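Colleague: Before I ask anything, here is the structure I am working with.
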Amino acid sequence: MIDWDLWHTLLAVFRHGTYLSASRALQVDPTTIGRKIKALERQLGYKLFVRENDRLYPTSQCEDLLPNIEAAAEALRGIDDEAAKGDQGTIWRDVRITAPPFLVLHLLAPHLGDLIQNLRVNAELIGTADKRLLSRREVDIALRIEDDPNEDMATTSLVRATRVGEIHYGIYYANDIDPETVPWAGIVERTRRTTGADAQNKVAGADGIRYRVNRFEELCQLAVGGSAKAMLPKLVAGRDERLTSDGETVLRQSLWMFYHRQDEDTGYLVAMRERIAKLVQEMLKG
């Protein structure tokens, strides 16, 4: 019978990606982590991890083991909870979530405590729309605004995509401003996703867009300062009492959650994805 400590170490390496990070989580020396993985490989008769760009990735044989090991770990954590033994000997996993910066700032960050409650995770929020982080397994969950999830980042056998909601946009301007007297401002146009650019050009009409910025936060401040009117996500501008809108929705964009196939049944990641989906539904109504 293989010692549970070796399986415990395997999970830590899988979740943290390096011997060093796993050693910090388990509070042992990195050489001890390496020695235990090699001992487990000898007992199993095959290699468990391969190294790529300074990160360790599970082999296909290792991936086949992970669901059962994770299930056993979840069961043991439940015993720990019942026995009130605290966190001693428990793996604290790193969870990396990436989303466009305005979603990190206005959606995820204000509610991070609720998202990770009782999950024993160290959470990292990365404000970027860079899809390569997910394909390189540098993040666990990615929120993306997509017209079609099969475009660019396809839903493959390795990646899953679930539609979790819609981003609604309206026209906003400062409370004391006549919108007819100020020009339009907008986001710098992207090359991939065109619906947002098409919509802001349509609302601006013949007047065109005079000012452009990279992020919705700067666009919001242009409107607050009375310099311009703009098409803004209601999540960003709808809660700002300094701005006025007629309430009309001028654009809806689908919000998708991407994650790795091998994490489909991983307990704490399932819980995290469910909590994020619920948060999106509550925060993006209307």
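Colleague: Relative to the compact-globule scaling 2.2 N^0.38 Å, provide the ratio for the alpha-carbon radius of gyration of the stretch 4-83.
Modeller: Compared with the compact-globule rule of thumb, the stretch 4-83 sits at 1.08.
Colleague: In a shell of Cβ-Cβ distance under 15 Å around Ala223, excluding Ala223 itself, what net charge do Lys and Arg (+1) and Asp and Glu (-1) give?
Modeller: -1
Colleague: Return the FRET efficiency for the residue pair Glu124, Asp198: r is the Cβ-Cβ distance, R0 is 35 Å, and the value is rounded to the nearest 0.05.
Modeller: Given R0 = 35 Å and the Cβ-Cβ separation, E is 0.55.
Colleague: Let me ask something additional. Please identify the longest segment of the chain free of exposed chymotrypsin sites (Phe, Trp or Tyr not before Pro), where exposed means a DSSP state other than H, G, I, E or B and no more than 16 other Cβ atoms within 10 Å.
Modeller: That gives 93-286 as the longest site-free run.
Colleague: Within the set of other residues whose C-beta is less than 10 Å from the C-beta of Leu11, count the net charge using Lys and Arg as +1 and Asp and Glu as -1.
Modeller: +1
Colleague: Whole percent per 5 Å bin, from 0 to the bin with the longest distance: what is P(r) over all C-alpha pairs of the stretch 167-253?
Modeller: 3, 17, 29, 29, 17, 4, 1, 0
Colleague: Sticking with this one: Which of Leu105, Leu158, Leu125 moves most in a GNM of the chain, Cα contacts under 10 Å?
Modeller: Leu158
Colleague: Here is a follow-up. Using the structure shown, list the pairs from Lys38/Lys131; Lys47/Lys131; Lys229/Lys278; Lys202/Lys285 with a Cα-Cα distance above 27 Å, or answer none.
Modeller: Lys38/Lys131; Lys47/Lys131; Lys229/Lys278
Colleague: Need one number: nm distance between label points at Thr31 and Arg239, each 7 Å from Cα along Cα→Cβ, rounded to one decimal.
Modeller: Taking the simple label geometry, Thr31 and Arg239 are separated by 5.1 nm.
Colleague: Around Met283, what is the net charge, scoring Lys/Arg as +1 and Asp/Glu as -1 over all other residues with Cβ under 13 Å from its Cβ?
Modeller: +2
Colleague: Quick one: if the Förster radius is 41 Å, what FRET efficiency do Lys278 and Asn53 give, using the C-beta to C-beta distance and rounding to 0.05?
Modeller: Result of the calculation: an efficiency of 0.75.
Colleague: Quick one: Karplus J couplings for the stretch 107-121, per residue in order, coefficients 6.51, -1.76, 1.60, θ = phi - 60°, nearest Hz, x for Gly and Pro?
Modeller: 10, 7, 4, x, 10, 4, x, 5, 5, 9, 3, 6, 9, 6, 10
Colleague: Convex hull over the Cα atoms of the chain, averaged projected area in nm²?
Modeller: 17.2
Colleague: Out of the stretch 227-280, which GluC sites (Glu not before Pro) are coil in DSSP terms and have no more than 13 other C-beta atoms within 10 Å?
Modeller: Listed in order of number, the matching sites are Glu241, Glu248, Glu264.
Colleague: Projecting each Cα onto the charge dipole of the chain (Lys/Arg +1, Asp/Glu -1 at the beta carbon, about the Cα centre), which of Val236, Leu125, Ile209 comes out farthest on the positive side?
Modeller: Result: Leu125, furthest along the dipole toward the positive end.
Colleague: Whole Å is fine, so just give me how far the alpha carbon centre of the stretch 219-286 lies from that of the stretch 1-56.
Modeller: Cα centroid to Cα centroid, the span is 38 Å.
Colleague: Find the percent of Cα-Cα distances in the stretch 1-50 that exceed 12 Å, and round it to a whole number.
Modeller: 56
Colleague: Moving to a separate point now. How much mean residue ellipticity at 222 nm does the chain get from its helices, if each DSSP H run of length 4 or more adds -39500 (n - 2.57) and you divide by all residues, to the nearest 500 deg cm²/dmol?
Modeller: -11500 deg cm²/dmol
Colleague: Placing unit charges on C-beta atoms (Lys and Arg positive, Asp and Glu negative, everything else neutral), compute the dipole magnitude of the chain about its Cα centre in debye, rounded to 20.
Modeller: 680
Colleague: Also, I was wondering about something else. Cut-off under 14 Å on the C-alpha distance; same-chain residues fewer than 8 positions from Lys36 excluded. Which aspartates and glutamates are left, in chain and number order?
Modeller: Asp3, Asp5
Each value in this text was obtained by applying a stated rule to the coordinates, not by laboratory testing. These numbers were taken from a predicted model, which means no experiment stands behind them. Using ideal geometry, Cβ is built from the backbone for each residue, glycine included, and neighbour counts are taken over all protein chains shown.
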